[in-house]
Structures are given as structure tokens and as C-alpha cells.
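The structure under discussion appears below in the form of C-alpha cells.
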Amino acid sequence: SQCIYLLYLQGVNDVVTSRYPSNEKDVTVLAALQLQAEHGDYKDAIHFQGWLKPQITQYMPEKLLIKKKKINDKLVAEWEQKILEKYKRVTGFTSLEAQLNYLDYLQEWVYFGCCWFNVEQRQFKNYPTELMLGINCEGVIIVHPQKRIVLENYEFTDIVTWGHSDEKFI
């Protein structure tokens, strides 16, 4: 269970810091599971609108709350409402079950479990010079560093050969 907890903490960090890009549905589901894991079942008397506001950036990427270079109260209220609605629906999970569900959700993502490297590439003319290279148990992915979109995805079964030196990986 300690191993699961450590994987869960890493997953939460990767989501909240935007290392893993996520959409609205992802954010609300994952935040709800995180709330269930950390606070137990939703209770109307405690978990009302405004309760999550001071700590919301512990549950979702801050960049989704920013408008005109600062955190926007209207956006915070909208996100909080969406998250609390999903939180009501995950009632009944134990903390461990919520953590496992969180990890199950993340495991479906192509970049889950990647070790990341910032690389400089010279092969793809249509891609930026600076890229992020992710390696996980499935294969190698190339990600745009600002947009956080997957540009290439190579499963290990598709990689016929590779090579490296002190300065290059081919």
C-alpha cells in the first residue's frame, strides 16, 4: 500500500504541475478522486461551495485558473463547482480505492510513467528544435514542450535499432 501511495503522489504531482496535460473531464474526475482519497466521503455540511477555493491548486493545474496573468475568482468558482459535483459521485470509495482509481485513470494516458528528457533534435523539420523525449515501459514518445501534445509515439516493438554516444541518442 505504501508503493501505491507513492505512485499516487507522483501521479497527482504530474497532473497538478501540468507535466501531464489534461482536459476538463480529466481534471474534474482526478480532483474528485483525490478529494475522496484525502478527505473521505462528500458531506454537504463541510464540502459546500467555497470550501475548496483556498486549496484548489492542490487538486488541479493552476494555469487553468489564470486569466490576464492572475488567478481568476470566477474561474475558480466554476472549477470548484464542477469538481464538487464529481466528488459527490465517488462517495463510498476507501482512500486506497480512490488512489487505485486515480492511477487506473492515469495508466490509460500515453505519457504515464515516462522519464522525461529535454532534447535538441535535428531530424524533424516541422518540429521545434527543443523537444521533450519521454520513455516508459511501452516505448518512446516525443512531445512539444509548450503545447504538451504528443508529436510522435514509438512502441518498443516498432523500434528496430537505436544508438547513442555521450552527446547523441539516435
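The values are calculated or read from the model by the stated rules, or taken from the named source; none is laboratory data. Predicted model, so just to flag it, every value in this text is computed and none were measured. Here Cβ is always computed from backbone atoms with ideal geometry, including for glycine, and neighbour counts include all displayed protein chains. Areas reflect the complete protein model, heavy atoms only, side chains present, ligands, DNA and RNA absent. Shrake-Rupley method; radii C 1.70, N 1.55, O 1.52, S 1.80 Å.
Observations, loosely collected:
- Solvent exposure of HIS39, expressed as accessible area, is near 80 Å², computed with a probe of 1.4 Å over the protein chains only.
- Between the Cα long axis of helix 95-107 and the first principal axis of the chain there is an angle of about 30°, rounded to the nearest 10.
- For the chain, with +1 on Lys and Arg beta carbons and -1 on Asp and Glu, the positive-most of SER1, TYR102, TYR20 along the dipole: TYR20
- In the context of the full protein assembly, ILE46 retains an accessible surface of approximately 80 Å², using a probe radius of 1.4 Å and ignoring ligands and nucleic acids.
- When all protein chains stay in place and ligands, DNA and RNA are ignored, the 1.4 Å accessible-area order of CYS114, CYS137, CYS3, largest first, is CYS137, CYS3, CYS114.
- Helix 2-16 vs. the chain, principal-axis angle (Cα, 0 to 90°, nearest 10): 80 degrees
- Using a Förster distance of 25 Å, the FRET efficiency for ASN72-SER95 (Cβ separation, nearest 0.05): 0.20
- With all protein chains in place and a 1.4 Å probe, the accessible surface of segment 57-170 carries 51 percent carbon and sulfur.
- If R0 is 35 Å, the Cβ-Cβ spacing of LYS168 and GLN107 corresponds to a FRET efficiency of close to 0.65.
- The angle between the Cα long axis of helix 24-39 and the main principal axis of the chain comes to about 60°, on a 0 to 90 degree scale.
- Debye, to nearest 20: dipole size of the chain, +1 on Lys, Arg Cβ, -1 on Asp, Glu Cβ: 840 debye
- When LYS70, LYS53 are compared by accessible area of protein heavy atoms, the largest-first order is LYS70, LYS53, using a 1.4 Å probe.
- The slack in the chain from LYS125 to ILE149, taken as 0.36 nm per residue of separation less the alpha-carbon distance, amounts to 7.0 nm.
- Accessible surface area normalised per residue over segment 75-170 is 68 Å², counting heavy atoms of protein chains with a 1.4 Å rolling probe.
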